[in-house]
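J.: After the C-alpha cells below, expect a handful of questions from me.
The values are calculated or read from the model by the stated rules, or taken from the named source; none is laboratory data. Model, not experiment: these values are computed from the prediction. Please note: Cβ atoms are built from the backbone with ideal geometry, for glycine as well, and neighbour counts cover all protein chains shown.
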Amino acid sequence: MSSRQLESSAPSAQEEVPRLHVPIVRFRLSCGAVLLVSPRPGAPVTAVQVHLRGSEALDPRGKEGTAFLTGALLDQGTRSKTDEEIAELLETAGGSIAGGASSVSANIAGRDTNLLLELLSELLVEPSYPQRQFERQRQRVLDRLLVERDDPRVQGEHLFRKLVYGTHWLGRPSAGTIASLGRLTRADLVAFHREAWVASRAVLAVCGDVEPERVRALLERRLARWKSGVDLVTTPPVFPPLGTRAKTFPAERAQVHVHLGHLGIRRNDPDYATLVVLDHVLGTGPGFTNRISKKLRDELGLAYTVNAAIHASAGILPGTFSAYIGTSPRHVATALEGFRAEIRRVQEELVGADELRVAQDYLVGSFVLSFQRASRRAGYLISAERHNLPEDNLVSLPRQFENVTLEDLRRVARAHLHPDACCVVAAGPISQQELEKALKGPRAKSPPSSRKR
Amino acid sequence: MRPKNTQRLGPATRVALRAGARIEEHSLDNGMRVMVIERHGDPVVAVMLWYRVGSRNEREHEAGVSHFLEHMMFKGSGRFAKGEVDRCTTELGGSNNAFTGYDHTAYWFELASDRWEKAVEIEADRMQSLLLDGTEFDAERAVVLEELSMGDDDPWRALTEAVQAVAFERHPYRRPIIGYTDSLGRLTVEEMRDYHRRFYHPANATLVISGDVTPERALEVARRHFGPIGQGAAYAEVDYFRPKIVAFTGERRLKLAWDDQGKRLCMAWPGTSVGTSDDDVLDVISALLSGGRLSRLHKRLVVDEGLATSINVSNDARVEGGLFWIFAECSAAATPEALEKAIDEELARLAQQRVTAKELARVIAMLEASEAYDEETVSDLAEMVGEYAVDAHWTLAFESIERVKLVTPAQIQECAQRMLGRESRVVGWCLPKKSPSRLKRLDDSQRSSLKKSKARRS
C-alpha cells in the first residue's frame, strides 16, 4: 500500500489558485489487480471505474466487436443473479453499471458503496452471458449499426480514423461491423472474458465517501476468485505513413462534417504539456479564445461547431491530431484553407505573448474545476496509473504549463503538426470531385448550392 | 470560514438546508432576486443569472430572438468589448456558457472561489449596456443559421419539432427555440435591442451564487454591481397578444421520411405546468414507464419482446403547460404497428389497473436516490434552484421528492385515464425514405401543417 496527497497549488500569473486535494491510496490486491482509492468525506456520489488492458486489440479477426459486447453485456447476469435481480438491487439504490470494450463505469448515490462494490465484483468474476440476453443485445447493436450506416456524422468519424490508422485496430469501430457481429456467438464472449478480463490486467479506482482500508478489505474478499491471467503481450503498432488522403461519405444533408488531421502523440510524449498549451491557443481554448474558433466561427461565421486538438486523444498508443467543422457545403473550401492557414501560422510565427498567457492562466486556474464529480476523479486515477504519471502530477503539470515559452510552441507546432500531409474526410452533401476541388482552395469552384436541402 | 466584519444582511425571505448547503433568498431594492447557496466542499463558485424570458415570450415575427440574443450577449457591452467575456473567464481559469429555453434564458460561470466576482461584474454590465453592434449582429446571425442547419440534419429533432408544431397549434411553444431561417433572416438589431430592453432588467432576473461563498460576501457583491441599475418594467405574466394553448380532441398523426433505416416514434400528450400536483404524478408515471431496466415499457418493448431498441418517456412540464412525451426506436424486425400497439396496451393497463404498492415503492426509491446526482456539484445546485425559481418557486427544487412520495396508486390511475388516452394526442413517425421528397411521404392532413413550419425555414 502506498499513500500520497496530491495538491495542485501552482500560482497563476495573477494570484494563488485555491488548493486542490486529491488523496490517493494505492493497493495491489492478491488477485493481481491494482486498486486506487480516493476518499472524499461527505461526497454525495461514489464512482467506481475499472480499466482492462487489451480491449479491442484482442478482438479475434473477423469477430470485431467481441471486446465491446463482452463489456456491454457484463451486467446481464451472473451465476447467482439474473439481470432483473441485478437491476432491482442497483436501481433502487440510485446505482448504475455500464461496461465497454475495455472499461466499466459505475456510480451509486449516498452510502450504499458496499452494495455497488459487491455487485461489481460478482460481475467481474463470474458473468454468465445468458443466451437470450446475448441474442437480444447483439440484435440491438446490429439495429443501431444499420441506422448509423447512413449517418454522415458517424461514418465521417469512422472514415477519418480508417484513413489515419489504416488496418490497425484503432482504425476500426469499437462495436464491430454488421458482418462481424453476425458471426459472434455467446461462446465467443465467454472465451474472451476468460482470457482477457483477468485481474492482472485490471486497474480499479474508487472515489467517494469511503475508507480506503475498508474498500481494500471488501474487494480483497470479493475478488479472491478472480483469475490473475497471463500478462498482456503487445506488438509494436504499424500505421500508414503521413500523407494526403481524402475521402467522402456522400449523403443528402444540410451540413458537411469535415475532419482534417493525421497521427498524433502518445500521452508520455515529452512535448505533451507544451502541446496542451498549443491546443488551447490554436483550437480548443474555451469560449472563442482559440484562433480557429475565432477565425472560422466568430469572424467568418462558417460554423456553430469547430475545434482542433492533438492532446485530447493521446493515450498508450498515438492519438490523432484532428480538426473538425460542421459547415455548409459552400464553405468547405474556406474551412479547409482556414484550418491549414492557422496551423501554418503557429509554425511560422511566434504566437502573441498575451495569447500564451491567457492559455496558461486558464490551464492552471481551471484545475480545481475539473475534479468536482466523483466520476472525474476516478477517471483521473485510472489515467494516472495507466500512463504512469508522476506522483506529483497535479502539482508538476500546471508548472509545466507555466514554463512553456513562445519558442516552445513554435517548435512543437513544427514537430507535430503537418498541414500539408493530412487525411481529409468530408461527410454530407459533397462528392469526391468537389472535395478534391475544395482542397485546392476557396477560389476553386464551389459545390452547387442546390445540393443544400 | 465566515469573515468577522461583514455588512449586516437584511433578513432572507426564505432559508432552506439541503444537500450540505444552506440556501437563502434575498431581494435587492430594484426588485432583483438573489439566491445564495452556501456549500464549502470544493473551492468553486458557480454564478448563474436567469431571466424570465424564453421563446414563449416571442412574437411570431421575432421567432428565435431569445436564443440569438443569448449569443449576442458575448459580443460586447459597455465595459467588456467583443471577446472580453471569454478572455476574462479564460484568464481566470473558469468556464462560461448560456442556454435558452421556452420559459427562461440563463447565463452560467464557474470559477475558483477566490475570483468569482468578475462574473457578477460582467452580468451587470451586459444587462445595462449591451452594445449590439450591427456588424457583429450580421456575423453571429450566420453562426446561428449554421446551428439551425446542424439541427436540420437530426431526424429526432425534425420529428419532435413536427409533433410539437401540431400539439401546440398557435401557441409559441409550437416553434423551435432556435427560430426559423426566415424569421432570423429578417430580424433587425433594433428589434433585438427592444427585446433586450423589455426583458433584461433586475425585476425580471434571478441571480444565483452557489458554492464556496458566504451569504454576506455574495450579497455585498450583488449589491455593488446590480444595486445601481434601475428597476425596469415589472414582469407581466399576462401577454394579451400571446395565443392561448387550446385543448384539442382526437388523435393527430403525422409521418416524416428520412434516408436511413431508423423507424422513430414520437408520441405527445398535452402536459401540465411546473409545480402542479399533476406534474408530480406525471414524474412518477414517467419513471414507471421508462425509468430503469425494470420499467414497464423498457422491460416489455426492449427486453422481453424486442420491439424497440430504445424507449424514453419524458414529463416536459413548462410554465404554461407542457407535453408528456414517449420516444421509441423500433427494432429492425418489428413493425411500427406492433410497437405502437404494445405501447397503447401498457398505457391502457396503467389506466385500468392500479400499480401495486411494491412497484410504486421501487420507483419512488429510484427517484429519491437519483437526487444525489442532481446535487453533486455547485453548478448542479445553481441550475436546479435557478430553474425552479424562474419557472415556479425555488423551494420546489427540494420539495419535489417529498411531494412525489405522496403520490398514490389511485392518483396515477386517474391521471393516466384523464391525460394519457388516445383521444387527445399527437403520434409522429419518422420512417425510412422511399421517395426522393420528404413532403411526398405525408398524407394530406399532415402536409398542410408541416408545410407551414417548413415554409418558415426555407
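J.: Residues of the range A:239-289 being closer than 24 Å to A:Lys162 by Cα, away from chain B (no Cβ under 13 Å), touching a residue at least 40 places away in the same chain (Cβ under 8 Å) and of a type in the set (D, E, K, R), which ones?
T.: Residues satisfying the conditions are A:Arg245, A:Lys247, A:Arg266, A:Arg267, A:Asp269.
J.: Residues in the range B:321-344 that are of a type in the set (A, V, I, L, M, F, W, C), assigned to a loop (DSSP other than H, G, I, E, B) and surrounded by fewer than 18 Cβ atoms within 10 Å (Cβ to Cβ): how many?
T.: 2
J.: So, one more: Residues in the range B:369-380: is at least one within 13 Å of another protein chain (Cβ to nearest Cβ), in contact with a helix residue (DSSP H, G or I) (Cβ under 7 Å, 6 or more places away or on another chain) and farther than 29 Å from B:Arg52 by Cβ?
T.: No.
J.: For the range A:328-383, enumerate the residues that are aliphatic (A, V, I, L, M), facing another protein chain (nearest Cβ under 10 Å), touching a residue at least 60 places away in the same chain (Cβ under 8 Å) and more than 24 Å from A:Glu299 (Cα to Cα).
T.: Correct list: A:Leu363, A:Val364, A:Val368, A:Ala374.
J.: If you scan the range A:377-436, which residues turn out to be loosely packed, with under 15 Cβ neighbours inside 10 Å and touching a Lys or Arg at 6+ places or on another chain (Cβ under 7 Å)?
T.: A:Glu391
J.: Let me ask something additional. Name the residues in the range B:353-362 that are facing chain A (nearest Cβ under 9 Å) and surrounded by 15 or more Cβ atoms within 10 Å (Cβ to Cβ), would you? Quick ask: steps written out before the conclusion?
T.: Narrowing the range B:353-362 to residues facing chain A (nearest Cβ under 9 Å): B:361-362.
Selection gives B:Arg362 alone.
J.: Here's something else I'd like to know. I'd like to know if the range B:436-444 contains one or more residues that are touching a helix residue (DSSP H, G or I) at 6+ places or on another chain (Cβ under 7 Å), at pLDDT below 95 and part of a helix (DSSP H, G or I).
T.: Yes; the residues of the range B:436-444 include at least one that is touching a helix residue (DSSP H, G or I) at 6+ places or on another chain (Cβ under 7 Å), at pLDDT below 95 and part of a helix (DSSP H, G or I).
J.: Here's a follow-up. Applying the selection to the range B:108-134, what residues are modelled with pLDDT under 95 and either under 30 Å from A:Gln255 (Cα atoms) or part of a loop (DSSP other than H, G, I, E, B) (or both)?
T.: B:Ser113, B:Asp114, B:Arg115
J.: Looking at B:Arg242, B:Arg264, can you tell me which residue is under 25 Å from the mean Cα position of the chain (by Cα), of a type in the set (Lys, Arg) and within 14 Å of another protein chain (Cβ to nearest Cβ)?
T.: Just a single option satisfies the conditions, and that option is B:Arg264.
J.: Can you list residue pairs whose Cβ atoms sit under 7 Å apart, with the first residue in the range A:183-195 being basic (Lys, Arg) and the second being in a loop (DSSP other than H, G, I, E, B) and surrounded by 14 or more Cβ atoms within 10 Å (Cβ to Cβ)? Count only pairs 6 or more apart in sequence or on different chains.
T.: Correct list of pairs: A:Arg183/A:Lys63; A:Arg186/A:Tyr129.
J.: Let me ask something else. Being under 23 Å from B:Arg253 (Cβ atoms) and touching a residue at least 40 places away in the same chain (Cβ under 8 Å), is that true of even one residue in the range B:353-373?
T.: No; the residues of the range B:353-373 include none that is under 23 Å from B:Arg253 (Cβ atoms) and touching a residue at least 40 places away in the same chain (Cβ under 8 Å).
J.: Hey, another quick one. Being within 11 Å of chain B (Cβ to nearest Cβ) and either surrounded by fewer than 22 Cβ atoms within 10 Å (Cβ to Cβ) or free of Cβ contacts under 8 Å to residues at least 60 places away in the same chain (or both): is that true of A:Ser96 here?
T.: Yes: the conditions hold for A:Ser96.
J.: Considering only residues that are within 14 Å of chain B (Cβ to nearest Cβ) and over 14 Å from B:Arg293 (Cβ atoms), which ones fall in the range A:41-73?
T.: Selection gives A:Pro41, A:Gly42, A:Ala43, A:Pro44, A:Val45, A:Thr46, A:Ala47.
J.: Pairs under 7 Å by beta carbon, first residue under 28 Å from B:Thr181 (Cβ atoms) and without any contact (Cβ under 8 Å) to a residue 12 or more places away in the chain in the range B:68-83, partner assigned to a loop (DSSP other than H, G, I, E, B) and of a type outside the set (Ser, Thr, Tyr), six or more apart or different chains?
T.: B:Gly83/A:Phe288
J.: Please enumerate the residues belonging to the range B:37-80 that are among the small types (Gly, Ala, Ser), in a loop (DSSP other than H, G, I, E, B) and away from chain A (no Cβ under 13 Å).
T.: B:Gly54, B:Ala63, B:Gly64, B:Gly78, listed by residue number.
J.: Follow-up question, since we're still on this one. Here is a list of conditions, (1) under 23 Å from A:Arg138 (Cα atoms); (2) part of a helix (DSSP H, G or I); (3) in contact with a helix residue (DSSP H, G or I) (Cβ under 7 Å, 6 or more places away or on another chain), and B:Leu347 meets all of them except one; can you say which number that is?
T.: Among (1) under 23 Å from A:Arg138 (Cα atoms); (2) part of a helix (DSSP H, G or I); (3) in contact with a helix residue (DSSP H, G or I) (Cβ under 7 Å, 6 or more places away or on another chain), B:Leu347 violates only (1).
J.: If you don't mind, there's one more thing I want to ask. A:Thr305: without any contact (Cβ under 8 Å) to a residue 24 or more places away in the chain and either under 16 Å from A:Gly261 (Cα atoms) or within 14 Å of chain B (Cβ to nearest Cβ) (or both), yes or no?
T.: yes
J.: From the list A:Gly287, A:Gly319, which one is surrounded by fewer than 23 Cβ atoms within 10 Å (Cβ to Cβ), under 25 Å from A:Leu242 (Cα atoms) and touching a strand residue (DSSP E or B) at 6+ places or on another chain (Cβ under 9 Å)?
T.: One residue alone meets the criteria, A:Gly319.
J.: Please specify each residue of the range A:116-173 satisfying the condition of being within 17 Å of B:Asp260 (Cβ to Cβ) and outside any helix (DSSP H, G or I). Spell out how you get there, then give the answer.
T.: Let us first name the residues in the range A:116-173 that are within 17 Å of B:Asp260 (Cβ to Cβ), namely A:140-159, A:173.
Within the range A:116-173, A:Arg149, A:Asp150, A:Asp151, A:Pro173 meet the criteria.
J.: Sort out which residues of the range B:134-175 are more than 20 Å from B:Ile326 (Cβ to Cβ), away from every other protein chain (no Cβ under 13 Å) and not small (Gly, Ala, Ser), and write them in order of number.
T.: If the condition is that a residue be more than 20 Å from B:Ile326 (Cβ to Cβ), away from every other protein chain (no Cβ under 13 Å) and not small (Gly, Ala, Ser), then B:Glu169, B:Arg170, B:His171, B:Pro172, B:Arg175 are the ones that fit.
J.: Which numbered condition in (1) within 13 Å of chain A (Cβ to nearest Cβ); (2) free of Cβ contacts under 8 Å to residues at least 24 places away in the same chain is the only one that B:Ala308 fails?
T.: (2)
Here's the yes/no breakdown for (1) outside any loop (DSSP other than H, G, I, E, B); (2) outside the structural domain of B:Met32 (by TED's automatic domain parsing); (3) modelled with pLDDT of 95 or more; (4) buried (at least 17 other Cβ atoms within 10 Å of the Cβ):
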{"position": "B:Arg197", "(1), (2), (3), (4)": "yes, no, no, no"}
{"position": "B:Val208", "(1), (2), (3), (4)": "yes, no, yes, yes"}
{"position": "B:Arg217", "(1), (2), (3), (4)": "yes, no, yes, yes"}
{"position": "B:Ala222", "(1), (2), (3), (4)": "yes, no, yes, yes"}
{"position": "B:Gln231", "(1), (2), (3), (4)": "no, yes, no, no"}
{"position": "B:Ala234", "(1), (2), (3), (4)": "no, yes, no, no"}
{"position": "B:Val238", "(1), (2), (3), (4)": "no, yes, no, no"}
{"position": "B:Pro243", "(1), (2), (3), (4)": "no, yes, no, no"}
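J.: Right, another one. Quick check on my filter: what residues within the range A:148-186 are among the basic types (Lys, Arg) and more than 14 Å from chain B (Cβ to nearest Cβ)? Steps first, please.
T.: So in the range A:148-186, the residues among the basic types (Lys, Arg) come out as A:149, A:153, A:161-162, A:172, A:183, A:186.
Within the range A:148-186, A:Arg161, A:Lys162, A:Arg172, A:Arg183, A:Arg186 qualify.
J.: Please state which one of B:Asn30, B:Asn97 is within 26 Å of the chain's Cα centre (by Cα) and of a type in the set (S, T, N, Q). Please lay out each step first, then the result.
T.: On the way: B:Asn30 fails: within 26 Å of the chain's Cα centre (by Cα).
Checking each option against the conditions leaves just B:Asn97.
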